[in-house]
Every structure is written in C-alpha cells, then in structure tokens.
Amino acid sequence: MESYLIKDTTKAEREQIVADSLGNIDGSCDGCAAGLAEMYQDYIDGKRELREINMAFRAHYVSGDEGPEKGSCGYA
C-alpha cells in the first residue's frame, strides 16, 4: 500500500488523491460537492493529514452541531 501522508506526497499527488477519491464532483447539481472538495484543501496544501480532516468532520457530524430540529411529525 502506498502512503498518503503529506511527507510522502507532492502537492500534485495530493490533488490527484483527492480528485480520485471524490470522483466526478463537477457533474453534481446539489451544491454540496464543492464544499466537500474544499474540505480537503488543507490536505492538498500540506497543512493537515487526511486522518485529521476526516476525524474533525466525523466529530462535527456526530455531535449534531447545526443539525435539523426534530418535530413531532418529522424534521422541522
């Protein structure tokens, strides 16, 4: 298995890793794909490892921050 660590990759390689992982984000029409690509910009720039970015995303998701409020008949 090849290493995806910043120390073992160039910026161009990290850009390709993110592009390959996300697939065709240009064909998406829901508007969230661009945000997903931006989420990994710190990795591409060599500032944070993939693991750090993914852990931060999961922690935010699990915590329920900025999530919808549930009403009696569904989400309000």
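One table, with the values for the structure above:
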quantity: Single unsatisfied condition, LYS7 versus (1) over 13 Å from the mean Cα position of the chain (by Cα); (2) at pLDDT 95 or above; (3) surrounded by 10 or more Cβ atoms within 10 Å (Cβ to Cβ); calculated: (3)
quantity: Pairs, first charged (D, E, K, R) in region 6-25, second exposed (fewer than 14 other Cβ atoms within 10 Å of the Cβ) and in a loop (DSSP other than H, G, I, E, B), C-beta under 7 Å, six or more apart; calculated: LYS11/GLY46
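The values are calculated or read from the model by the stated rules, or taken from the named source; none is laboratory data. What you are looking at is a predicted structure, and each value in this text was computed from that prediction instead of being measured. Every residue, glycine as well, gets a Cβ built from its backbone with ideal geometry; the counts of neighbours run over all protein chains shown.
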